[in-house]
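See below for the structure under consideration.
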Amino acid sequence: MSADLESISEATSGAIGALVSTTILYPLDTCKAKYQAEVQAHGLRKYRNLSDVLVEAISKGKILSLYQGLGTKNLQSFIAQFVYFYGYSYFKRLYLERSGSKSIGTTANLLIAAAAGACTAITTQPLDTASSRMQTSAFGKSKSLWITLTEGSWSEAFDGLGISLLLTSNPAIQYTVFDQLKQRLLKDKAKTTEKGTSPVVLSAFSAFVLGALSKSIATVLTYPAIRCKVMIQAADDDDDKKAEPKSSKTISSVIWSIWKKEGFLGFFKGLHAQILKTVLSSALLLMIKEKISATTWVLILSLRRILLLRQRKLKSA
């Protein structure tokens, strides 16, 4: 029972961290998504730089549209991180119990993280697709979550699922690197800490640095797939004559479109924006998670004790 509570504590801490970091960085995320979704045509770009998206929003008086789809994104992030951290914690504990090992190697950690990521992608794909369409819609023309999900077929709600499953390697790499670096750092700290003192934990700054480093590595390695996914899920505005029809947005057509119009470097268009956003987001997420995990664990244990006391009173009555 305590093991399950530990998984729930990890999942809750991760979900809260995702909620806070997503909200803080959402305008940057919207600019990034719109910049990535555009494919250069005949050497002309609507957005030559990431800042052009922000300039457009300000010039049109649609600055609040930078937050379009925030509710859906927060819902998707909360559920995704809860499922991921719960799955990662659960699979990790299961592996240790069945293998009899005291620690997890890099290969096993990658497989565990990938399994948790696959569960997360399948569970939250419709929300992920909807939030991407809402973000990449023309400023002021974003539709509600219900309309976005129901205006197309059920299969369209899972646009990009194949790439999402492929991208499970991203958090797998990220959290494996973070976990391995964290364990080494804590071991070094434990050697210099007196016995009998409080448990050794990462400082906020250490968690931030490790989170930024691990996410940077994962982002660079998987970025071409990230951009293809954004293009597949991007909204097709009615007044955008250059937009491709939804039926043509397959993985192969998107790859061909990027190669034909932008060349090899096109697969890395917006990489700096992706790194900036994801590194800050992941670093904030892991920092918040590390700082509130102990509090979350205490609250969950307290709630469990209250429930047990109530059960005993009902039985005695």
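The values are calculated or read from the model by the stated rules, or taken from the named source; none is laboratory data. This structure is a prediction, so every number in the text was calculated from the model and none was measured. With ideal geometry, Cβ positions are generated from the backbone for all residues, glycine too; neighbour counts draw on all protein chains shown. All accessible areas refer to the heavy atoms of the entire protein, side chains included, with ligands and DNA or RNA removed. Shrake-Rupley method; radii C 1.70, N 1.55, O 1.52, S 1.80 Å.
Of the residues 129, 105, 140, the one whose Cα sits farthest towards the positive end of the charge dipole of the chain is 105 (charges of +1 on Lys and Arg Cβ, -1 on Asp and Glu Cβ, taken about the Cα centre).
Where does the longest stretch of the chain lie that holds no trypsin sites (Lys or Arg not before Pro) found in a DSSP loop with 15 or fewer other Cβ atoms within 10 Å? Provide the component values of the computation, followed by the final result.
Numbers: sites that count: 45, 46, 48, 60, 62, 102, 141, 195, 241, 242.
Free of exposed loop sites, the longest segment is 243-317.
Heavy atoms of the protein chains alone define the surface here; on that basis the chain has 53 Å² accessible area per residue at 1.4 Å probe size. Just checking the listed ones, 164, 281, 257: in the Gaussian network model of the chain with Cα springs under 10 Å, the one fluctuating most is 257.
The charge dipole of the chain, taken about the Cα centre with unit charges on the Cβ atoms of Lys, Arg (+1) and Asp, Glu (-1), comes to about 840 debye, rounded to the nearest 20.
When you have a sec, figure out the Kirkwood radius of region 84-201 from all distinct Cα pair distances and drop it here in Å to one decimal?
Radius from the Kirkwood sum: 17.1 Å.
With a 1.4 Å probe and all protein chains in place, put 88, 26, 67 in order of accessible area, largest first.
Values: 88 25, 26 0, 67 100 Å².
Result, largest first: 67, 88, 26.
In the chain, helices alone account for a calculated mean residue ellipticity at 222 nm of -25000 deg cm²/dmol, with every DSSP H run of four or more residues adding -39,500 (n - 2.57). Normalising the average separation of contacting C-alpha pairs (under 8 angstrom, six or more residues apart) by the number of residues puts the relative contact order of the chain at 27 percent.
Please report, to two decimal places, log10 I(q)/I(0) for region 11-106 at q = 0.13, 0.22 Å⁻¹ as given by the Debye formula with identical point scatterers on the Cα atoms and no solvent. The Cα Debye sum returns log10 ratios of -0.64, -1.05.
For the chain, a Gaussian network of Cα nodes joined below 10 Å ranks 13, 214, 252 by mean-square fluctuation, and the top entry is 252.
Taking 256, 146 and ordering them by how much accessible surface each has at a 1.4 Å probe, largest first, produces 146, 256. Counting heavy atoms of the protein chains alone, residue 188 has an accessible area of about 90 Å² for a 1.4 Å probe.
Taking the chain as a Gaussian network, Cα atoms linked when under 10 Å apart, which of 190, 130, 115 shows the biggest mean-square fluctuation? Judging by the Gaussian network model, the answer is 190. Positive end of the dipole of the chain, charges at C-beta (+1 Lys, Arg; -1 Asp, Glu), about the Cα centre: which of 12, 54, 255 has its Cα farthest in that direction? Projecting each Cα onto the dipole axis, the largest value belongs to 12. Placing unit charges on each Cβ (+1 for Lys and Arg, -1 for Asp and Glu) gives the chain a dipole about its Cα centre, and among 281, 27, 180 the Cα reaching farthest toward its positive end belongs to 180.
Kirkwood Rh over Cα pairs of the chain into Stokes-Einstein at 37 °C, 0.692 mPa s: D in µm²/s? Mind dumping the intermediate values first?
Values: Rh = 21.2 Å.
My calculation gives 155 µm²/s for D.
Residue by residue, region 18-35 carries 3J(HN,Hα) couplings of 5, 4, 5, 5, 5, 5, 5, 9, 4, x, 5, 5, 5, 4, 5, 5, 5, 5 Hz when phi is fed to the Karplus relation 6.51 cos²θ - 1.76 cosθ + 1.60 (θ = phi - 60°); x denotes Gly or Pro.
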